[in-house]
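Some notes on the structure that comes next.
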Amino acid sequence: MKLTYNTNYPSIDDLRTRAQRRIPRFAFEYLDGGCNEDINLYKNTAELREVELKPYYLSKHSGSDMRTELFGHVYDAPFGIAPVGLQGLIWPGAPEILAKAAQKHNIPFVLSTVTTANIETIGALTEGNFWYQLYHPADNALRDDILDRAEAAGCKVLVVLCDVPSFGYRPRDIRNGLAMPPKMTLANILQIMGKPNWALRTLLHGQPNFATMKKYMPKGLNMRQLGAYMNQTFSGRVNEEKIAPIRDRWKGKIVLKGVASEEDTAMAIRLGLDGIIVSNHGGRQLDAGESSIHALAPIIKNYKNKIKIMLDSGLRSGPDVARGLASGAEFTFLGRSFMYGVAALGDEGGDHTISILKTQLQQVMEQVCCATVGDFPKHIIR
């Protein structure tokens, strides 16, 4: 596939800057922020970028191939689109835009339980080539119905999220009325009036809602009641007793996301799961925790080749993907980068962002003389 992208916005930072100009402040801060003082948000990227690669310029090198086999499928690149909640708040139709782009470029798209497109819509758009991230509900009957829907839609990989036993404390969202329960403030209304393109597109597309969960919600809930419903529905903590019946029920691959310790990795292996995603929820849940790249190191050291180990949180660019792969991750996921792209460029944003990342990663591979994704660890310095 020939890669094309808008040369006015050749970097993820360019997309972030344009996104900030195009959408209301409350939507941008929801996307851009972490929790508490944003310490782990910044550590994620800063500490990842301490990873250095060694080039072998005089080695025999006939080209680089970024295609990657994962769970029996060969993807065109070693990165996927991470799940993000309330994507339609950031840009109308965002999950649909990204799902289409992922299908076009043959990379994974992961749908969140709490985003604004439902399972059936994404299943149809991707012809079943999507992953689904499950926020484990407190009610097992609800869990089973969601799993049945995901299976019927053709979902290939189930991602069980384990790092949200409580909702993160996010001061920006609280000030902006995006906490539970959400509220519309005068400041938010003025922000919307200042972004007429976003406002018009949101009006035409319809108010964003938790599309997958809509069928289970009582009708006529006001904002406060909606907040109470979501808090009550997803109050369950994921543990061994809750994962085991999912493994028994789900026929496809299962990945545990939010892993940040060797102990949880060992449990995932013991439960017969197929992979883990080392992640700290993009720095949105535990400000006092480790960066994802630091949490990855001992897991790779002790559990490499015992389970598929992937990396999420802090990655923004093609070189960041290279750093994660060189550190031992077998695959990577990015969330904010793709949302910056859609907020900046609308319908073109998904294709544009993927093209940037592929081009950047290909350049790094050629530069250091890395033939395949699996060869990246040979190039790590530290």
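Any read-out appearing in this document is the output of simple, stated calculations on the displayed coordinates, not a laboratory observation. Nothing here was measured: the structure is a model prediction, and the numbers come from that model. Every residue, glycine among them, receives a Cβ derived from its backbone with ideal geometry; neighbour counts consider all protein chains shown.
Tabulated results
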| read-out | value |
| --- | --- |
| Average Cα contact separation per residue, the range 25-150, under 8 Å, 6 or more apart, as relative contact order % | 17 |
| Inter-label distance for Glu69 and Arg21, nm, one decimal - labels placed 7 Å from Cα along Cα-to-Cβ | 4.6 |
| Label-point separation in nm, Ile39 to Asp14, each point 7 Å along Cα→Cβ | 3.6 |
| Added length on full extension, which subtracts the Cα-Cα distance from 0.36 nm per residue, Ala244 to Asn305 | 19.8 nm |
| Signed unit charges on C-beta, dipole axis of the chain, positive-most listed residue Ile380, Leu221, Gly123 | Leu221 |
| Estimated dipole of the range 305-372 in Debye, rounded to 20 [Cβ of Lys and Arg +1, of Asp and Glu -1, Cα centre] | 320 |
| Fraction of beta bridges assigned by DSSP in the range 69-214 that are antiparallel (%, nearest 5) | 20 |
| Förster radius 41 Å - calculated FRET efficiency between Met184 and Thr7, Cβ distance, rounded to 0.05 | 0.60 |
| About the Cα centre, charge dipole magnitude for the chain (Lys/Arg +1, Asp/Glu -1 at Cβ), debye | 540 |
| Value of relative contact order over the range 110-231, rounded to a whole percent, pairs C-alpha under 8 Å and six or more apart | 32 |
| Mean separation of Cα contacts under 8 Å (6+ apart) over length of the chain, as relative contact order % | 29 |
| In the range 234-382, lysine pairs with alpha-carbon atoms under 27 angstrom apart (chain gap of 8 or more, or interchain) | 27 |
| By average C-beta atoms within 10 angstrom, highest first, the peptides 24-34, 331-341, 85-95 | 331-341, 85-95, 24-34 |
| Sequence ranges 320-328, 35-43, ranked by mean other-Cβ count within 10 angstrom, highest first | 320-328, 35-43 |
| Among 185-191, 54-60, the order from most to least packed when residues are scored by Cβ within 10 Å on average | 185-191, 54-60 |
| Cβ-Cβ FRET estimate between Glu127 and Asn209, R0 fixed at 30 Å, reported to 0.05 | 0.75 |
| Separation in nanometres of the label points that stand 7 Å from Cα toward Cβ, at Tyr56 and Thr359 | 2.9 |
